[in-house]
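Presented below is the structure to which this report refers.
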Amino acid sequence: MDIQQTLDQNTPSPADSTDNRLLIPIEDVCHLVGLGKSQIYAMIREGKFPQRVQLGLRCSRWRMAAIRAWVDGL
């Protein structure tokens, strides 16, 4: 099963407004895109991956809509 199939099966449709509000942790991002934490953080530094939403000093999340858009652009 590829990344797009996983996203399609496990997430709301892009038309659903909850997709734009849904914030997911790094572990879920890793699972959805098939990359490790280090790879994701390196790509963020290089400007090649969606930015995180900082919720606290040690709490970050990613917008599901941004991750879906990034995967669609692959």
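Summary table
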{"item": "Segment GLN51-ALA69, length gained on full extension (0.36 nm per residue, minus Cα span)", "result": "5.2 nm"}
{"item": "Amide hydrogen neighbours beyond the local backbone of TRP62, cut-off 5 Å, H modeled", "result": "ILE24, VAL53"}
{"item": "For the range 54-70, Karplus couplings with θ = phi - 60° (6.51, -1.76, 1.60), whole Hz, Gly/Pro x", "result": "7, 9, x, 4, 10, 9, 10, 9, 10, 6, 4, 4, 5, 5, 4, 5, 5"}
{"item": "Karplus (6.51, -1.76, 1.60) ³J(HN,Hα), θ = phi - 60°, over the range 37-53, in Hz, Gly and Pro reported as x", "result": "4, 4, 5, 5, 5, 5, 5, 4, 4, 7, x, 10, 9, x, 5, 8, 9"}
{"item": "At 1.567 mPa s and 4 °C, Stokes diffusion of the range 24-74 via Kirkwood alpha-carbon radius, µm² per second", "result": "117 µm²/s"}
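All of the numbers you see were taken from the coordinates with simple rules; none came from a lab. For clarity, every value in this text was computed on a predicted model and none was experimentally measured.
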